[in-house]
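See structure below.
The values are calculated or read from the model by the stated rules, or taken from the named source; none is laboratory data. For clarity, every value in this text was computed on a predicted model and none was experimentally measured. Every residue, glycine among them, receives a Cβ derived from its backbone with ideal geometry; neighbour counts consider all protein chains shown.
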């Protein structure tokens, strides 16, 4: 069975269809069930969540506009954020803004403050987009690898990975690999090690436990050399903070579960003209 994604150029309504061959493992069936369940109830949250396409300058301009728009909308409702982002390399401000998202949005499926729960839909969307915008800025600052993300925010994130599911995790992949997307609200050990976050609450450390229909298609490979480099950074951070993390657990793993692989070659300059996901199907 294949995953079939139809991409659209919203300027001329032309489409591009790509097929991804599903991996032959037990977890893929669980994920397919989540996608099919989500599609019965929800549309894709943001069909245009593409990263790493276009010039570096255009990506920076777009990312700064997105994140500061979120801040403006939130502050018009309640002026709780006292910073804007001027430089996407400013990781301290990005950490601060991510903390504001965690604080006022709440962790996974648990919006904690009635004031924000009762906010207008535009404010709720700005809170959710603040998180996405922080990670967009971080992505550009760290190399802007081309990829796109498909999420169904409304689908409850109540399915938990089993111990055997972690056997399918990988920290290397080829270009065109579809991977399970991290759907927790918070940060993994790898995130903490990279971000040097001074604002995050203890409860916002959220290892990869839950799964949903959400997935990411990565169009650049991850080499073993790069995977080893990242693991060394993560494990050094874990050992430094062993008292907080406790004994190593399967959910502390780096990487994700590969779900499918692109069938045939792809010219990214072509996909750059189709920056919206029109449909997701299986055949």
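The residues of region 150-201 that are assigned by TED's automatic domain parsing to the domain that holds residue 25, assigned to a strand (DSSP E or B), at pLDDT 95 or above and under 12 Å from the mean Cα position of the chain (by Cα), listed by number, are 179, 180.
Residues in region 240-283 that are within 17 Å of residue 15 (Cα to Cα) and touching a helix residue (DSSP H, G or I) at 6+ places or on another chain (Cβ under 8 Å): 280 alone. For region 112-132, give me each residue that is in contact with a helix residue (DSSP H, G or I) (Cβ under 7 Å, 6 or more places away or on another chain), modelled with pLDDT under 85 and surrounded by fewer than 19 Cβ atoms within 10 Å (Cβ to Cβ). Matches in region 112-132: 113 only. Inside region 6-54, residues that are free of Cβ contacts under 8 Å to residues at least 60 places away in the same chain, within 19 Å of residue 269 (Cβ to Cβ) and assigned to a loop (DSSP other than H, G, I, E, B) make up a count of 2.
Under the condition of being in contact (Cβ under 8 Å) with a residue 60 or more places away in the chain and surrounded by fewer than 18 Cβ atoms within 10 Å (Cβ to Cβ), the residues counted in region 188-199 number 3. The one condition from (1) under 30 Å from residue 96 (Cβ atoms); (2) surrounded by fewer than 17 Cβ atoms within 10 Å (Cβ to Cβ); (3) out of contact with any helix residue (DSSP H, G or I) (no Cβ under 9 Å at 6 or more places or on another chain) that residue 224 does not meet is (1).
The rows are residues; the columns are (1) closer than 23 Å to residue 194 by Cβ; (2) crowded, with 16+ Cβ neighbours inside 10 Å; (3) more than 19 Å from the chain's Cα centre (by Cα).
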site	(1), (2), (3)
6	no, no, yes
14	no, no, yes
23	no, yes, yes
56	yes, no, yes
62	yes, no, no
74	no, yes, yes
82	no, no, yes
102	yes, yes, no
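Consider region 88-111 and keep the residues that are part of a helix (DSSP H, G or I) and within 22 Å of residue 48 (Cβ to Cβ). The one that is modelled with the lowest pLDDT is 105.
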